Amino acid sequence: MGGRRSGSGLMVAGAIVIVIGFGVALIKAWNLPNYWIPVVVGIGLVVIGAIRWATSKGDS
């Protein structure tokens, strides 16, 4: 925990909220049924997680 920067948790929380909002906006823009919201949001979260994993490999 000592290597973590201050505010990184807030940035992660903000990124999650942005992904959820973006997913909901895409659903509304594409006129997809509401049951697709978790799928789109889940894909967005997986993409963000993969980016974080790939960029933090040497930061242990």
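Near the amide H of LEU32, within less than 5 Å, lie no amide hydrogens of residues on another chain or at least 5 residues away, with H placed in the peptide plane.
Would you work out what percent of the accessible area of the chain, with all protein chains in place, is carbon or sulfur (probe 1.4 Å)? Mind dumping the intermediate values first?
On the way: 3430 of 4890 Å².
For the chain, the apolar C and S fraction of the accessible surface comes to 70 percent.
Calculate for the chain the 222 nm mean residue ellipticity that helices alone would give, adding -39,500 (n - 2.57) per DSSP H run of length 4 or more and normalising by residue count, nearest 500 deg cm²/dmol.
Taken over the chain, the calculation gives -24500 deg cm²/dmol.
Need one word for the chain: rounded, prolate or oblate. Basis is the Cα gyration tensor (sqrt eigenvalues a ≥ b ≥ c); a/c below 1.5 gives rounded, then a/b vs b/c decides. Note, shape of the chain comes out prolate.
The values are calculated or read from the model by the stated rules, or taken from the named source; none is laboratory data. Remember, predicted model here, so these are calculated numbers, not experimental data. To get the accessible areas, we keep the full protein, side chains included, count just its heavy atoms, and leave off ligands, DNA and RNA. Shrake-Rupley method; radii C 1.70, N 1.55, O 1.52, S 1.80 Å.
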